[in-house]
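Read the structure below first, then the notes.
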Amino acid sequence: MTTTIEDREAQPTIYVRTTVPVAELMSAQGAALTAMHAFLSEHGVAPAGAPYVRYHTFGGEETDVEVGVPVAAAVDGAGPLTPGTLPAGPVARLVHMGAHDTLGDSYGRLSAWVTESDREPTGTGWEVYHWIDLAEAPDPASWPAPADWRTDLVQPVSAARRG
């Protein structure tokens, strides 16, 4: 699991953002994925990449979570779906392979790398779930075993400080 720096262009998205009890997080994410697939299908919009999850806050009791998918061009939202953009600029990206019960370790490695690289986080990061394709209806029964999941941890960062 190597951390890399990438310079990204702004990426249009469509997303669902909600605050839910942590115990209901998986259900809320599933509902958001289903709503996004339905929206994309109904409007003839293809996803431009794998879905992502962005935690704006994550407390012991509840979390403010954004579940979204990149699209090729900005689209109008409908219902709980909101158009948005993942930010342009430098990001640190770490690929986590496997189940999410060890994501905390990967986040620790990413954070340490950012600090050691003389950079600072510049905004809310996100997770990209490569095993989910919203061109198809979300069906956890068809997904690979958690040991085979690829999740990118993406953190916007400052440019390296000089000097």
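What the phi angles of segment 7-21 give under the Karplus curve with 6.51, -1.76 and 1.60, with θ = phi - 60°, is a coupling list of 9, 9, 7, 4, 10, x, 9, 10, 8, 10, 10, 8, 10, 9, x Hz, glycine and proline written as x.
Leaving out ligands and nucleic acids, and using a 1.4 Å probe, what accessible area per residue does the chain come to in Å²? Before the final figure, lay out each step's value.
Working: 8470 Å² over 163 residues.
Normalised by residue count, the accessible surface of the chain is 52 Å².
Only helices enter the 222 nm calculation for the chain: every DSSP H run of n ≥ 4 contributes -39,500 (n - 2.57), and dividing by all residues gives -7000 deg cm²/dmol, rounded to 500. Three principal axis extents describe the C-alpha atoms of segment 1-111; from largest down they are 40, 35, 22 Å. Here each label is just a point 7 Å from Cα along the line to Cβ, and for residue 139 and residue 99 those points are 2.4 nm apart.
Computed from Cα atoms, the angle from the helix 103-116 axis to the main principal axis of the chain rounds to 40 degrees. Rounded to the nearest whole Hz, the Karplus-based 3J(HN,Hα) values (6.51 cos²θ - 1.76 cosθ + 1.60, θ = phi - 60°) of segment 63-69 follow the sequence 9, 9, 10, 10, 10, x, 9, with x at glycine and proline.
What net charge is computed for the residues neighbouring residue 7, neighbours being all others with C-beta under 14 Å from the C-beta of residue 7, Lys and Arg scored +1, Asp and Glu -1?
Details: positive: 8, 93, 119; negative: 6, 9.
Net charge around residue 7: +1.
How many nm is it between the label spots at residue 42 and residue 6, if each spot is 7 Å from the Cα in line with the beta carbon? About 3.0 nm, to one decimal. Projecting label points 7 angstrom from Cα along Cα→Cβ for residue 117 and residue 160 puts them 0.9 nm apart.
The packing ranking of peptides 123-131, 52-60, highest mean first, is 123-131, 52-60, where packing means the average number of other beta carbon atoms within 10 angstrom of each residue. The Rg/Rh ratio for segment 96-163, using Cα coordinates for both the radius of gyration and the Kirkwood hydrodynamic radius, is 1.10. Summing charges over all other residues whose Cβ lies under 12 Å from the Cβ of residue 65, with Lys and Arg as +1 and Asp and Glu as -1, gives -3.
In the chain, the portion of solvent-accessible area held by carbon and sulfur atoms comes to 53 percent [1.4 Å probe, whole percent, DNA, RNA and ligands not counted]. For the chain, the longest principal axis of the alpha carbon atoms and the long axis of helix 25-43 meet at an angle near 60°.
Using the Cβ atoms and a cut-off under 15 Å, what net charge is assigned to the surroundings of residue 84, where Lys and Arg are +1 and Asp and Glu are -1? Present the calculation step by step, with values, prior to reporting the outcome.
Numbers: positive: 8, 17, 54; negative: 9, 64, 66, 76.
Combined, the nearby Lys, Arg, Asp and Glu give -1.
Gyration tensor analysis over the Cα atoms of segment 59-104 returns equivalent ellipsoid semi-axes of 25, 18, 11 Å (largest first, whole Å). Only Cα pairs under 8 Å and 6+ residues apart enter the sum, and on that basis the relative contact order of the chain stands at 31 percent.
The values are calculated or read from the model by the stated rules, or taken from the named source; none is laboratory data. Predicted, not measured: the structure shown is a model, and the values here were computed from it. When we count neighbours, we look across all protein chains shown, and the Cβ atoms used for this are built from the backbone with ideal geometry, even at glycine. Just the protein is used for accessible areas: all its heavy atoms, side chains included, with ligands, DNA and RNA removed. Shrake-Rupley method; radii C 1.70, N 1.55, O 1.52, S 1.80 Å.
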